[in-house]
Amino acid sequence: MPIVSIAREGDIAVVTIDNPPVNALSQALRQALLEAAETLDADPDVRAAVLLCAGRTFIAGADVTEFGKPPQPPHLPDVIARIEAAAKPWVAAIHGSALGGGLEVALGCRFRVAVADASVGLPEVTLGIVPGAGGTVRTPRLAGAVAAVELATTGKPVRAPKARDIGLVDAVVGGDLRAAAIAFAREALGKPLPGPASRRAVEVPDPAFWTGQEAAIAKRARGEIAPLKALACVRHAVEAPFDDAMAFERETFLALRGSAQAAALRHVFFAERAAPRPAHLAGVAPLPVRRAGVIGGGTMGAGIAAALRDAGLPVTLIERDEEAVARGLANVGAIFEGAVKRGRLTDAQAADRMAGISGTADHAALADVDLVIEAVFEEIGVKRAVFAQLATACRPDAVLATNTSYLDPRAIAVGLPNPGRFIGLHFFSPANIMKLLEIVPVPETAPETLATGFALARSLGKVPVQAGICEGFIGNRILKRYRAGAEALVRRGVAIAAIDAAMRDFGFAMGPFEAQDLGGLDIAFLQREGARAAGRDTPETLGDILVRAGRKGQKTGGGWYDYAPGERKPLPSVTVAELIAPAVAGGETLPRAAIADYLVAEMAAEGAAILAEGIARRPEDIDLVEIHGYGFPRWRGGPMHLRGAVGTQR
Ligand code: T1G
Ligand code: NAD
């Protein structure tokens, strides 16, 4: 099928785009749309046009694979201007998503109709750019400045009914979209035509609106350039003539297109899309997962159960005894109550989630589950006993997964009658929120079991990364190197608070020491003590000194910092300085950029070792682990991208 085809329904022309997979606006498509506009204007029998897309979605935007190259004509703003100037009105018929350039093309049409579950948006800022074809200029003229600011600076799409309410869509239609759009076009021809978006007036908010928005964006998207630039474009759009605003937007778009943040965000965009379907599993069918079991209703078990329920899977939660079952179910209920409080769930949705989870201490309830995820104490004896029970309680074809952080999954799988069904699924806390899922096969893990892990990640909306077996897999191993690097700087005399400030400046929500105080220093301490007990070479750390002095973090009133009672504000601690003084050999100060540079280089060096050992399959995977598991700022791209370890940008 040609990339653009034209059919006739009487005096209505139906222009259909067919550019799989998402009808992205490639150079060929832009050219074909331009030619279609010329053809229709030259046809006296055509009174209006409907613009439709084949496949699963309307135009999903500019073709991001062209971004790394010089822009090729015809440029999108010109194509849209030609459609907008068409002698006959065009009606955009939207299904799926009309995003970025896709929405911009629709805004150049005289009308827009959409099916109810369609969405429209300007996600450009999520790629480190701003709309480059009138998105920030036509949107305020149709939907007003406030809605335009929300759409352009957050990148979040809105559903068709909301789009209609704000004026971006003229009608939400049911039934067959093609027929409904043709009927809409026919009806529109019987009435006076509204002016094109470019010619509509727009209300101008007062200056205080813009300064308020600037402050809100600088807080919400700290360190990111594009959202503030998008705000400036919308402001220009409402305060300057249309053509000036279009020129300002295009100039801003072209400047950002080649920026480091845009390259980083494109890198993450493509890494995320490749992650759920790894090439080495192409053609391997996952096992169906219709019912799941979770063993352990503590911090992780409850979060995992909630994540499974969020994906609509019925869950059987197993605990040690009825009292622990009740605690576990209460832990899951608390997660959903929190979601209701934050407006993420309605009461009914939370109730439905809880209705789909049953708790028991009786393993017989696992007889028909397709997958079980173990999240019991981090003790090899406890885990082995649990899996021995699972081996008999579950079907032989059920997938048995461990959520262990530091134990060797091979040691847990020892003795299992069917190790081909065993796998590590390492969730991150809180498991219903954090997107990262490290998938850790053992040598016996069957390909279909591995494929089931990836399919489960997709259904849970997680970002899966396959990891080989080593201490800490990928993420916790790099975390250990990051923390060791931070302590090395302290030993050189660099102030703890300066290191945290440097990493917050870099884009982390908090620095390495603040984060340890929040999570607790004792978790890593116990892990080190375990390694020592197992005879593994584990040098003394500064953190060990603090834990041995009873300083485990905020939960004990102090760790790397002191905290006033009931307060969470970190205060540099004289006690800490005294405790670690014998290990501090210098009085070095470093600029914040140098601190961040050094610590990111340490992460990347560990990443390079992880790649060399085959623990990670791709450098992009390491970046996804850091971004989705440890809060590495997405607009930096990740340690491997930053250190140039990833191939050329697509
Ligand atoms: N360009 C090229 N390829 C794209 C693409 C795009 N915009 N969007 C998706 N793909 C590919 C993706 O790599 C994958 O390829 C396949 O399509 C399915 O994607 C001028 C400058 C549309 C909601 O940011 O949000 O317009 O791996 O797995 O889950 O002002 O893709 O199969 O080979 O994500 O159903 C703005 C980005 C661009 C939209 C569909 N547009 N895409 O989600 O499928 S900038 C975006 C998405 C712009 C203008 C500016 C999602 C989706 P492969 P998928 P999905
Ligand atoms: P937790 O102590 O909060 O919960 C463990 C639960 O397991 C408890 O509720 C306990 O009653 C239950 N349990 C113990 N033995 C059991 C048995 N025989 N049968 C059924 N239930 C049993 O621990 P957690 O923080 O949830 O960690 C659980 C696992 O997840 C550990 O392996 C840990 O390494 C891993 N993990 C933890 C985190 C984290 O941040 N906490 C992150 C990733 C992975």
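For the reader, a short list of remarks on this structure follows.
- Net charge of Cβ neighbours under 13 Å - reference residue 572; Lys, Arg +1; Asp, Glu -1: -4
- Cα extents for region 206-246 along the principal axes, largest to smallest and rounded to whole angstrom: 31, 21, 7.
- Highest average packing first - 587-593, 418-424, 398-404, 197-203, Cβ atoms within 10 Å: 398-404, 418-424, 197-203, 587-593
- Net charge over other residues, Cβ less than 12 angstrom from the Cβ of residue 206 (K, R count +1; D, E count -1): -1
- Of 445, 68, 413, farthest towards positive along the dipole that unit charges on Lys, Arg, Asp, Glu beta carbons give the chain: 68
- Gyration tensor verdict on region 64-167 (Cα atoms; rounded if a/c is under 1.5, prolate if a/b is larger than b/c, oblate otherwise): oblate
- Gap separating the Cα centres of region 443-462 and region 401-421, nearest whole Å: 15
- Lysines whose Cα lies under 16 Å from that of residue 555, excluding same-chain neighbours fewer than 8 positions away: 569
- Cross-link pairs beyond the 30 Å C-alpha cut-off, checked among 341/435; 156/480; 219/435: 156/480
- Cα centroid separation - region 173-220 against region 298-313, whole Å: 40
- By average C-beta atoms within 10 angstrom, highest first, the peptides 568-578, 432-442, 236-246: 432-442, 236-246, 568-578
- Nearest-20 debye value, the chain charge dipole, Cβ charges on Lys, Arg, Asp, Glu: 220
- Helix 226-239 axis, angle to the chain major axis (alpha carbon atoms, nearest 10°): 30
- Taking amide H positions as modeled 1.01 Å from N, with prolines and chain starts lacking one, the residues under 5 Å from residue 4 and 5 or more places away or on another chain are 18.
- Set of aspartates and glutamates near residue 229 by C-alpha distance (under 16 Å), chain-local residues within fewer than 8 positions excluded: 124, 150, 214, 239, 244, 249, 251
- Cα-based reach from residue 383 at 12 Å (exclusive), listing aspartates and glutamates while leaving out same-chain residues under 8 positions away: 374, 408
- Separation of alpha-carbon centers, region 358-388 and region 22-85, rounded to whole Å: 55
- Local electrostatic count, residue 436, Cβ distance below 13 Å [Lys/Arg +1, Asp/Glu -1]: -2
- Positive-end ranking of 512, 580, 382 along the dipole of the chain, with charges on Cβ about the Cα centre, is headed by 512.
- Protection-proxy order for peptides 153-161, 409-417, each taking the mean of Cβ atoms within 10 Å per residue, highest first: 153-161, 409-417
- Most positive-pole-ward Cα, 226, 276, 166, against dipole of region 160-282 from beta carbon charges: 276
- Overall form of the chain: prolate. Here a/c, set by the Cα gyration tensor axes a ≥ b ≥ c, is 1.5 or more, and a/b is the larger of a/b and b/c.
Values quoted throughout were computed directly from the atomic coordinates according to the rules given, and no laboratory measurement underlies them. Note that the structure is predicted; figures quoted are calculated from it, not measured. Glycine gets a Cβ as well: all are built from the backbone with ideal geometry, and neighbour counts include every protein chain shown.
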